[in-house]
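Just so you know, all these numbers are worked out from the coordinates, no wet-lab data involved. Bear in mind the structure is a predicted one, so any value in this text is a computation, not a measurement. Every residue, glycine as well, gets a Cβ built from its backbone with ideal geometry; the counts of neighbours run over all protein chains shown.
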Amino acid sequence: TYLVTHFYEALEKGWIEVYYQPEVRALTREICGFEALARWRDPERGLISPGVFVPVLEDAHLIDRLDLYVLQRVCEDLQHIRREGLDVTHISVNLSRVDFQLNDMLQEVEIICRAHGVPREFLHIEITESALNENDAFLKQEIARLRAQGFELWMDDFGSGYSSLNNLKDFQFDMLKIDMAFLRDFETKPQSRVILSAVVDMAKKLGLHTLAEGVETEEQYAFLKSIGCEVLQGYLFSPPVPLAEILPILRREE
Ligand code: G
Ligand code: G
Ligand code: NA
Ligand code: MN
């Protein structure tokens, strides 16, 4: 397909861009980190979303090239932010389960961090919950190795997969990112609130931090804060934006 044949060209010519979406502390609404999200700005096809190209690159066994490229860009941007003396507590990057089959991710991630002088605590690693499988002993081991080396592991899109609850038992994570599907019927279905507060309670009892994704309204914000969800992300605060747009925000928050 077009995406597979043009992937290396896209990397070389800078068509792959990294956007950043702020994460805010529920209690204060202060920015406490960012999620890095890839975009492919193609000269022929226009802006292509990762929802389209990530599965194609996974199938073509090229996804590790993408994810390590994004990680490198994130480390460069972190260096830039830190040199300006601005405070960014962390940036989270998305890794695919396929990355771990293709490459020694721990080694690659450590090489990139070291090359850019980025301390490990500045990088958090998100793995989509639907990519986990309780029988995947290898992935379990790789996640444990990353955590043992000081990288925070975040479970992405919690609740969107089929074996979520068992995953919580079998994989060690630091943060549960609650899928935005939980907020979809927030205004119309009272069950939404019951489910959200049960998920946050359960996470707390398991010693996990919680982040709700896809927060779009003040009403959702007030509710999530009231049930003790610690970190929030969504259009109410900011969409994903280029680095140039987060720098002035960080300067203002100093
Ligand atoms: O930004 P957007 O909402 O279109 O992202 C869609 C999905 O693509 C999200 O689930 C996100 O986790 C995933 N994604 C975004 N950037 C990357 C990336 O650099 N690597 C991988 N593996 N997935 C990504
Ligand atoms: O797979 P992941 O959860 O990382 O994907 C996040 C995706 O959701 C990104 O593509 C981002 O653009 C999108 N997104 C972020 N905030 C919101 C939001 O408040 N509402 C909606 N509908 N989408 C969002
Ligand atoms: Na993600
Ligand atoms: Mn997510």
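So what's the range 89-145 giving for Cα Rg divided by 2.2 N^0.38 Å, two decimals? Could the numbers behind the result be given before it?
On the way: Rg = 12.0 Å, N = 57, 2.2 N^0.38 = 10.2 Å.
This ratio for the range 89-145 stands at 1.17.
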Using the Karplus curve 6.51 cos²θ - 1.76 cosθ + 1.60 with θ = phi - 60°, work out ³J(HN,Hα) for each residue of the range 42-55 in order, rounded to whole Hz, and write x for Gly and Pro.
-> 8, x, 9, 9, x, 7, 10, 8, x, x, 8, 7, 4, x
Which ³J(HN,Hα) values in Hz, rounded to whole numbers, follow from the phi angles of the range 223-239 under the Karplus curve 6.51 cos²θ - 1.76 cosθ + 1.60, where θ = phi - 60° and Gly and Pro get x?
-> 5, 4, 5, 5, 8, x, 5, 7, 10, 10, 8, x, 4, 4, 9, 5, x
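Can you check what the net charge comes to around D157, using other residues whose Cβ is under 14 Å from the Cβ of D157 (Lys, Arg +1; Asp, Glu -1)?
Values: positive: R97, K177, R184; negative: E35, E126, E129, D156, D179, E213.
Neighbourhood net charge equals -3.
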Ranked from fewest to most other Cβ atoms within 10 Å of their own Cβ, T128, T28, T89 fall in the order T28, T89, T128
The correct pair for the range 25-137, radius of gyration to one decimal and Dmax as a whole number, both in Å and from Cα atoms, is 15.4, 45
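Of all DSSP beta bridges located in the chain, what percent are antiparallel, nearest 5? Could the numbers behind the result be given before it?
Details: 15 of 36 bridges.
Percent antiparallel among DSSP bridges in the chain is about 40.
If contacts are Cα pairs under 8 angstrom and at least 6 residues apart, what is the relative contact order of the chain in percent?
Details: 396 pairs, mean separation 50.0, N = 254.
Relative contact order of the chain: 20 percent.
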Return the Cα extents of the chain along principal axes one, two and three, sorted largest first, each rounded to a whole Å.
-> 49, 47, 37
